[in-house]
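This report refers to the structure that appears directly beneath it.
Every number in this text was worked out from the coordinates using simple rules, so none of it is lab data. Given the structure is predicted, the values throughout are model-derived calculations rather than measurements. Counting neighbours? That spans all protein chains shown, and the Cβs are built from the backbone with ideal geometry, glycine included.
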Amino acid sequence: MQDMVQWFATLTGIAAAVIVSLNLGRKLTGYGFIVFTASSIAWVWFALQAGETPLAIQNVVLTVINIVGIYRWLILKRQINNAEE
């Protein structure tokens, strides 16, 4: 199970990095942050199971950063657009 979680975390992290780096618009970039969040959560789970506290702490912080990215790219713009209408 831990091996599957590691591979999931690795592959979603790579996919998210590609999505965000391409900057294909607000929506796709926001989805990239959702994928990054899934990767970070998987790394936290793995790290806690493996007793890797520094890795867990790093990815808890990255999860918070990714949530800010989701808010900024997917939610904030919608709120601004709705206020303008």
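Between LEU76 and SER21, the FRET efficiency estimated from the beta carbon spacing at R0 = 22 angstrom works out to 0.60. Look at (i) 50, 21, 18; (ii) 46, 23, 22; (iii) 35, 27, 19: the one that is Cα extents along the principal axes in Å derived from this structure is (i). Between the helical axis of 2-22 and the longest alpha-carbon principal axis of the chain there is an angle of about 30 degrees. Relative contact order of the chain, taken over Cα pairs closer than 8 Å and 6 or more residues apart, is 30 percent. Compared with the dominant principal axis of the Cα atoms in the chain, helix 53-70 is inclined by about 10°. Annotation: peptides 41-47, 6-12, ranked by per-residue average of other Cβ atoms within 10 Å with the highest first, follow the order 41-47, 6-12.
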